[in-house]
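Accompanying notes for the structure given below.
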Amino acid sequence: MAGRPAENSLVHMGIAFLAMGGWAAFANRAHPMPEPLVAGLVQGALSAGITLVLKRMVEALGRRLAGIAALVLPPLIAVALSLAILGTIHMAAGTPELLATIALPASVTAIYSAGYALALWRGRRAT
């Protein structure tokens, strides 16, 4: 049921905001305030937005592609877009520890999108 917290997009977005925003603040902890705070808020907002869009993007690409492309391309595109967005916005925000800040969120994007694309691909092959 859509009302359950585990199925609520806002809950997922909130968790992404807190987890990845917290990571970004931690990754930038050696720098003076407000740099860790800004990095955390920027990453939190980006992670919440990416979480909202990522699932739908992988589904849409998987439907439009056939064969092995439906398995491989959606996660590659998701990670490439995520890295481009995270890198660009964090550079514009002046995040001091850029690579450390985006490494974990990009890794989570890669793991999630690859696993989800695999599940969708297997489901299509089984039908």
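For the range 104-127, the candidate set comprises residues that are hydroxyl-bearing (Ser, Thr, Tyr) and within 18 Å of the chain's Cα centre (by Cα); within that set, the residue that is nearest to residue 57 (Cα to Cα) is 113.
Would you mind stating whether residue 17 is without any contact (Cβ under 8 Å) to a residue 24 or more places away in the chain and in a helix (DSSP H, G or I)? Spelling it out, it is not the case that residue 17 is without any contact (Cβ under 8 Å) to a residue 24 or more places away in the chain and in a helix (DSSP H, G or I).
Within the range 10-64, being polar (S, T, N, Q) and more than 22 Å from residue 81 (Cα to Cα) holds for one residue alone: 28. Only one of the listed residues (37, 52, 104, 18) is of a type outside the set (D, E, K, R), crowded, with 16+ Cβ neighbours inside 10 Å and out of contact with any Asp or Glu (no Cβ under 8 Å at 6 or more places or on another chain). That residue is 104. Selection of the range 55-92 for residues being hydrophobic (A, V, I, L, M, F, W, C) and surrounded by 21 or more Cβ atoms within 10 Å (Cβ to Cβ) yields 58, 78, 86. Identify, please: which residue in the range 4-61 is under 14 Å from residue 89 (Cβ atoms) and among the polar types (S, T, N, Q) and is, among those, modelled with the highest pLDDT? So, considering only residues that are under 14 Å from residue 89 (Cβ atoms) and among the polar types (S, T, N, Q), the one modelled with the highest pLDDT is 43.
The values are calculated or read from the model by the stated rules, or taken from the named source; none is laboratory data. All figures in this text were calculated on a predicted structure; none of them were measured in a lab. Note that we place each Cβ from the backbone using ideal geometry, even for glycine, and neighbour counts take in every protein chain shown.
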